[in-house]
Structures are given as structure tokens and as C-alpha cells.
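Report on the structure given below.
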Amino acid sequence: MSDVRTVIHDHDGGLDDILSLLLLTRYGNVALRGVTVTPADCLLAPALSVTRKVLAMTGLPHVPVAAGELQGRNPFPLEWRIDALRMDALPVLNRPGPLGGEPVDLPAHRQLAAWLLAAEAPVTVLATGPMTNLAWCLDRHPEVEPKIAEVVFMGGALDVPGNVDQPGHDGSAEWNIYWDPDAAQRVFDSGVPVTMFPLDITDLVPIIGEFACAFGEHYGNPVSDLAGTLLAMTFGTLETTGMPYCGWDSLTTSYLAVPDMFEFETARCRVVTTGPSQGRTVRDPAGRPVKCARTVDPDHFYKHCLATLT
Ligand code: AGV
Ligand code: CA
């Protein structure tokens, strides 16, 4: 097992973001410093509530949770954002007991900067949503740069189609970058090491029935029940969008525990910030080097989740 890393999870409240948080709470080599919630692929209030409940149920009630207030340019579909309301009402998250997760007074972007500035050693930022908060920190407090050991980011699409299906867009972008293309480019423009999990690799891990149903074997274990329920709630997207729900964020998160599961390439790339391809990540010899995950054995990932979340 590698050394313990201090991690800040900047998520945006989707089903897969919460599954990622659940994984993080199980990792023995991760010290969770705090959680920031971006109001992107969620409704903010229930997403904050879910985050705090997950921290309570996993024995981490003192991990602080900060509410995002910065907005991106291209809003997520409301049908997706209401998943947070559904999660917040799940019985497994509403058993008697105190709510965990210390709410903080500062909004997420300022809190993120404060945590980074106060860090004694460089911190890993796990971004499973748009990088709006991080971009603000780099803009307003450039001195945070050396405090960031690595940004581990779910987003982008290099050699595969994107997942944005919106009027006036050509479909080449991935949603976490599309929500705020300038933020992603701002992070790319910094010197911070970026490890990226684009759709090229996350396409390999669709949430399949066999994976979701396997959690039934541990029925009665709250962590397992929550994981299986989150996975079950992802079904329907293939029917409505023609694209399966994938383990986008959870695959990205699993890198923190099992980096050897992946092979990487260093790709020079940049973000298209305007026009019908906005949010697209393109290879560009003049772009900045990004460590991109390229291959994974899907079965290894599914088994890792099952073994971790029971
Ligand atoms: O583009 C993937 C990102 C991930 O961070 N999100 C979902 C994950 O949290 C956006 C997204 C793409 N397709 C979706 C998404 C869908 N069908 N439902 C909900 N969110
Ligand atoms: Ca997300």
C-alpha cells in the first residue's frame, strides 16, 4: 500500500460522485481533508445533505463540507440534477443518528483556497465535477499552485465522441469540461500535474446489471446497500440518451487506491473554449502535457468496487 495522501474531493453531486465519495471513505491510504460540492450535475441543497449523511454513516462526521456558489456557463439537464433529491430520501441515508460533515461558512471556492494555503504538505485534489473552484483558486491565489500535488480529474474526450447532446453543440465535449470550459483551460494553463480520466477510458466501464446486482449478496450492510442503490438508480440513461451511465467518477477515484490498474500516456492537449465544439479537449503539440489513463481491465474495476464497498 502506498503512503497516505491528503485528498480534497471536489464533486458535483451526481450518483457516481457519491459512489466516489463512498469509495474514498473506505481507502486506508486516503486522508480526506474536506469536500466541496459544485452545483453542476446536482441540486445543491440535497447534494450537500447527501454528502454529510455519507460522511456520517462512514464514521467521518468531522470532515468539513463546503457549498459551491460559482456557476458554469452551460447548465446540466434538470433530469440529471434531481438525482440528488432522490438520493437524499433513501432510507439507508436516513437512519436515526446525527448528521455528519461539518458545514463551513466559506463558499467552496474560498474554502478550497483556504485549505490549500494552510496545507503543510501538497494535497491531492480529486475533481469529479467541473474544475470551476480550482480555476478560481489558481487565478486569485497563485500561491496555491505548489500546494497541489496532483489534480485527479474525470473529464474530457480525446479520441472518442463526447457526451454532450445539446442544441448548437457538435457533441465532441465531455460534460464536466463543457459546463465551464474556461475553468478546465485555466487548470491546464497552470503548472499543476493533471492526471485525467477522459471518456476514452471511462467508456470501458458501463454500469451493467451484473455489477449492480452483485451488491445484493451483502444486503443489510449499509455501505453495500447504498452502493447497489446508487448503481441501480443509474439505469434508464441508455434508454433516454442512447449512452450508458458509466463508472466515470468512481473509476477515476479508484486510481487513488489502485494506480497499477491503469496504463497511462502523456498527451499534450488544450480545451476549445468557444463555438460549437466548446468544452472539447483536443490533442495539440503546443498544448500542456496531461497524464491520461488509457487502459483498464473493466473486471478489475468492478471487483475493486465490490471488494471495497462491502
Ligand atoms: O460526463 C460525466 C460526468 C461524471 O462526472 N457527469 C456524470 C458523472 O458524475 C455528467 C453526465 C454525463 N452523462 C450523464 C451525466 C448522465 N446520463 N446522467 C447524469 N450525469
Ligand atoms: Ca460528477
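Does at least one position in the stretch 9-32 carry a residue that is away from ligand 1 (no atom under 16 Å from the Cβ), assigned to a loop (DSSP other than H, G, I, E, B) and either basic (Lys, Arg) or crowded, with 16+ Cβ neighbours inside 10 Å (or both)? Show your work before the answer.
Taking the stretch 9-32 and keeping what is away from ligand 1 (no atom under 16 Å from the Cβ), we get 25-32.
From the residues that got through so far, the ones that are assigned to a loop (DSSP other than H, G, I, E, B) too are 27-29.
Within this subset, residues satisfying the condition of being either basic (Lys, Arg) or crowded, with 16+ Cβ neighbours inside 10 Å (or both) are 27.
Scanning the stretch 9-32, I find at least one residue that is away from ligand 1 (no atom under 16 Å from the Cβ), assigned to a loop (DSSP other than H, G, I, E, B) and either basic (Lys, Arg) or crowded, with 16+ Cβ neighbours inside 10 Å (or both), so the answer is yes.
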>> I'd like to verify a number: residues in the stretch 283-297 that are without any contact (Cβ under 8 Å) to a residue 60 or more places away in the chain and surrounded by 12 or more Cβ atoms within 10 Å (Cβ to Cβ), how many?
In response: 3
> charged (D, E, K, R), within 16 Å of ligand 2 (Cβ to nearest atom) and in contact with a His (Cβ under 9 Å, 6 or more places away or on another chain) - does that describe any residue in the stretch 3-13?
Replying inline: no
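Only one of MET233, MET261 is aliphatic (A, V, I, L, M), within 15 Å of ligand 2 (Cβ to nearest atom) and in contact (Cβ under 8 Å) with a residue 24 or more places away in the chain. Can you tell me which? Before you say what the answer is, go through the steps one by one.
Details: MET261 fails: within 15 Å of ligand 2 (Cβ to nearest atom).
Being aliphatic (A, V, I, L, M), within 15 Å of ligand 2 (Cβ to nearest atom) and in contact (Cβ under 8 Å) with a residue 24 or more places away in the chain holds for just one of MET233, MET261, which is MET233.
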>> Quick check on the stretch 7-23. Is at least one of its residues farther than 23 Å from PRO206 by Cα and in contact with a Leu (Cβ under 6 Å, 6 or more places away or on another chain)?
In response: yes
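Filter the stretch 239-257 down to the residues that are away from ligand 2 (no atom under 12 Å from the Cβ) and assigned to a helix (DSSP H, G or I), then identify the one that is farthest from GLY129 (Cα to Cα).
Our first condition is that a residue be away from ligand 2 (no atom under 12 Å from the Cβ); within the stretch 239-257, this holds for 239-244, 254-257.
Those still in the list that are assigned to a helix (DSSP H, G or I) too: 239-241, 254-257.
Details: GLU239: 24, THR240: 22, THR241: 20, SER254: 16, TYR255: 16, LEU256: 17, ALA257: 19 Å.
Applying the filter and picking the extreme gives GLU239.
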> Mind checking which residues of the stretch 38-89 are of a type in the set (Ser, Thr, Tyr) and either touching a strand residue (DSSP E or B) at 6+ places or on another chain (Cβ under 9 Å) or in a helix (DSSP H, G or I) (or both)?
Replying inline: THR38, SER49, THR51
>> Being without any contact (Cβ under 8 Å) to a residue 12 or more places away in the chain, over 28 Å from THR308 (Cα atoms) and surrounded by fewer than 16 Cβ atoms within 10 Å (Cβ to Cβ): is that true of GLU120 here?
In response: yes
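Laboratory data are not the source of any read-out in this text; all were calculated from the coordinates shown. What you see is a predicted model, and the numbers here were worked out from it, not measured in a lab. Positions of Cβ are generated from backbone atoms using ideal geometry, with glycine treated the same way; all protein chains shown enter the neighbour counts.
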